[in-house]
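A short worksheet on the structure shown next.
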Amino acid sequence: MKLNYKRTILAGLAFMSISGFWGMYDAVTPLILKDSFHLSEVLNGVVMAMDNVFALILLPVFGIWSDRTNTKFGKRMPFIAIGTMLAVIAMFFMPYADNQRNLVMFLIATGSVLLSMSFYRSPAVALMPDITPRELRSKGNAVIMLMGTAGVIYSMVMIKLLVKNPEGGGTPDYMLLFLSMMAFMALSTVALVLTVPEYKWSKEVKEKEGDEAVEENKNAGKKISREKKRSLIFILLSVFLWYMSYNAVNSAFSRYSTHVLGLKDGSYATYMLVATVVAVISYLPIGIISSKFGRKKVIMAGVIGLASSFLICSFVTGGGALLYILFGIVGISWGAINVNSFPMAVEIASDGDEGRYTGYYYTFSMAAQVLTPVLSGVFLQYVAYRSLFPYGVVFAALAFFTMSQVKHGDIVKDDKKSLLEHLDVDG
């Protein structure tokens with residue numbers, strides 16, 4: 001059985017528009033809050049954390065709701081169409097409020113956009129599994145991830161072309177940028193609605209998979225076995241713990257590098273860049289290793305690499321080659337975790353429950369991303385800056401233990417036909 005690339009690419013239009021929005025939102029919203037409304041770094045961070053808070057609460061709700069929806073247009077399509085429309089309308093008022101210097105309007109508009117995006121994020125990610133046979137879903141996820149990358153590239157190009165500082169000084173006018181993103185999202189969704197008959201394609205997949213798939217769909221929404229439930233709980237706990245570890249370092253390393261390592265002029269960013277680039281480069285080699293040894297073993301090796309690197313980093317007193325090497329190992333380790341963690345969680349789901357399990361995964365990852373900057377910040381302020389890497393080691397070690405308890409969600413032998421199948425949307 002081969003993946004239908006055309007169908008998968010079309011289904012990925014929703015995720016492409018979502019990724020494009022987040023690329024723009026994360027890049028320009030902090031600048032608006034700082035330059036236009038003169039918010040402090042703390043308040044800026046609070047506003048920027050709103051999306052994680054919304055995701056934590058709402059993604060599972062809308063994921064489960066879409067699982068239980070049954071229309072002639074499909075389960076996910078109504079959420080995607082309505083959510084996009086609401087987001088596009090609310091998005092207009094963000095640059096308008098910025099130009100009017102109306103903070104209350106800006107915050108209301110931003111909250112409305114984030115709520116609208118949360119409405120269809122889980123359904124958009126769950127669309128691909130609905131129209132893709134189980135053994136091809138990892139490959140489909142790779143295509144979806146590439147579509148997301150295309151969306152981010154679009155947002156970066158538009159920022160480069162449309163954001164200009166006024167000659168006489170002052171802040172940029174972001175209206176054209178937001179209009180370009182609104183058009184991008186609207187056109188992507190219109191193309192999706194017109195070209196993806198979700199209900200028909202989903203039905204065809206069920207028919208091709210035969211009686212086993214039909215039986216699995218009868219179990220959708222029902223309790224999974226005790227053994228699978230136990231594995232799911234430990235997978236989600238692991239996701240929470242390694243995000244607690246990695247994101248603490250990711251969010252605080254700039255301050256740590258200044259106070260402890262003595263780095264200047266933003267040179268800390270080069271170390272984080274090394275970790276990111278190495279992670280991306282490592283995806284295909286990790287895919288090869290995963291196909292041979294399994295997802296769980298590769299994830300656990302990644303967790304060991306993460307903990308070991310952070311442990312050694314806690315003794316480093318300055319920048320240089322050793323720190324580059326350690327952050328390179330961090331990148332490989334994080335890549336090993338990201339390539340394999342999302343498919344392990346979703347693999348446990350019966351057909352028809354993908355939205356629910358996607359929501360579960362995002363809930364635990366987002367919860368960690370909301371909590372760990374605050375908790376690690378307490379240690380930095382009241383204990384010492386050198387507590388950062390030991391903090392990361394502790395949570396990585398806990399993740400190793402919880403992951404060791406997982407018994408389900410691994411690769412079934414011979415279900416990987418190409419290296420592309422190992423890449424997933426969460427990476």
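Could you tell me the calculated FRET efficiency between V46 and M105, based on Cβ-Cβ distance and R0 = 30 angstrom, to the nearest 0.05? Once rounded, the FRET efficiency stands at 0.95. Put in order of Cβ neighbour count within 10 Å, fewest first, the listed residues E227, E204, E167, E198 become E167, E227, E204, E198. Over region 226-422, Cα pairs under 8 Å with separation of 6+ residues give a relative contact order of 43 percent.
Hey, with R₀ at 25 Å, roughly what FRET efficiency would I304 and A384 work out to, going by the Cβ-Cβ distance, to 0.05? Calculated value: 0.45.
Calculated FRET efficiency, D35 to I325, Cβ-Cβ distance, R0 = 41 Å: about 0.65 to the nearest 0.05.
For the cross-link pairs K75/K200; K2/K200; K2/K296; K208/K407, the ones whose C-alpha atoms lie over 23 Å apart are K2/K296; K208/K407.
Here's the picture: a label point sits 7 Å out from the Cα of V316 along the beta-carbon direction, and within region 240-266 the residues with their amide nitrogen under 20 Å of it are 243-266. Here the sum of -39500 (n - 2.57) over DSSP H runs of 4 or more residues, divided by the residues of the chain, equals -26000 deg cm²/dmol at 222 nm, to the nearest 500. Applying both filters, DSSP loop and at most 14 other Cβ atoms within 10 Å, to the trypsin sites (Lys or Arg not before Pro) of region 1-63 gives K2. When T71, T189, T195 are arranged by Cβ crowding within 10 Å, least crowded first, meaning fewest neighbours, the order is T71, T195, T189.
Extension gain for E204-K264 works out to 15.8 nm (0.36 nm per residue, less the C-alpha to C-alpha distance). From the alpha carbon centroid of region 301-357 to that of region 384-402 is 13 Å. Each of W65, W334 has some number of other Cβ atoms within 10 Å of its Cβ, and from fewest to most they run W65, W334.
Every number in this text was worked out from the coordinates using simple rules, so none of it is lab data. Owing to the predicted nature of the structure, the values given are computational and were not obtained by experimental measurement. We place every Cβ from the backbone using ideal geometry, glycine too, and count neighbours over all the protein chains shown.
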